[in-house]
Amino acid sequence: MHELSVTQSVLDIALVHAERAGANRILRIHLVVGELSGIVSESVQFYFDFVSRNTPAEGAELVFLHTPTRFRCRACGTVYEPGEGDEATPRPDWGCPLCGELRPEVVGGRELLVESIEVG
């Protein structure tokens, strides 16, 4: 249910910037959503359709760019995406592909931001 408050924040951001630009309508909102953010795009779209009613953003298209999880190895500094695992180990492989270290630092995938707004 946290998507409702997130969606309201996205709308608020878009409305403020559209007003500053002197725009009458918001046509499209581009969002960057990280794999680890816990945000479900379909839920955001559902809530957006509701909270944007009777605003300049009513009917605006939400465009989602999903970003993958990225790690930085604490031992050697390699930046990588976790492996998919295999039949024997179906869980993701978080080990560094270069040195095998198993304590990565998360450096990508938690994003949730309004990247751009198209107005008319």
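For the stretch 87-102, check the following and say yes or no: at least one residue is in contact (Cβ under 8 Å) with a residue 60 or more places away in the chain and of a type in the set (Val, Ile, Thr). No, the stretch 87-102 contains no residue that is in contact (Cβ under 8 Å) with a residue 60 or more places away in the chain and of a type in the set (Val, Ile, Thr).
Just give me the residues in the stretch 36-60 being within 18 Å of GLU19 (Cα to Cα) and in contact with a Lys or Arg (Cβ under 7 Å, 6 or more places away or on another chain), in sequence order. Once the filter is applied, which keeps residues that are within 18 Å of GLU19 (Cα to Cα) and in contact with a Lys or Arg (Cβ under 7 Å, 6 or more places away or on another chain), the stretch 36-60 yields PRO56, ALA60. Just name the residue that is surrounded by the most Cβ atoms within 10 Å (Cβ to Cβ) out of those in the stretch 40-65 that are within 18 Å of ASP12 (Cβ to Cβ) and hydroxyl-bearing (Ser, Thr, Tyr). Of everything passing the filter in the stretch 40-65, SER52 is surrounded by the most Cβ atoms within 10 Å (Cβ to Cβ).
Exactly one residue out of VAL63, VAL33, VAL44 is over 14 Å from ILE117 (Cα atoms), out of contact with any Phe, Trp or Tyr (no Cβ under 6 Å at 6 or more places or on another chain) and modelled with pLDDT of 95 or more, and it is VAL44. Of all residues in the stretch 17-31, none satisfies being surrounded by 14 or more Cβ atoms within 10 Å (Cβ to Cβ), on the phi < 0 side of the Ramachandran plot and among the polar types (S, T, N, Q). Within the stretch 66-88, if we keep just the residues that are hydrophobic (A, V, I, L, M, F, W, C) and exposed (fewer than 13 other Cβ atoms within 10 Å of the Cβ), the residue that is modelled with the highest pLDDT turns out to be CYS76.
Of everything in the stretch 7-16 that is among the hydrophobic types (A, V, I, L, M, F, W, C) and farther than 25 Å from ARG70 by Cα, the residue that is surrounded by the fewest Cβ atoms within 10 Å (Cβ to Cβ) is VAL16.
Among the numbered criteria (1) surrounded by 16 or more Cβ atoms within 10 Å (Cβ to Cβ); (2) touching a Gly at 6+ places or on another chain (Cβ under 9 Å), which single criterion is violated by PRO97? Here PRO97 meets the rest and fails (1).
Among the residues of the stretch 10-61, the ones that are in contact (Cβ under 8 Å) with a residue 60 or more places away in the chain and either part of a helix (DSSP H, G or I) or among the hydroxyl-bearing types (Ser, Thr, Tyr) (or both) come to 6 in all.
The values are calculated or read from the model by the stated rules, or taken from the named source; none is laboratory data. Remember, predicted model here, so these are calculated numbers, not experimental data. Neighbour counts run over all protein chains shown; Cβ positions are idealised from the backbone, glycine included.
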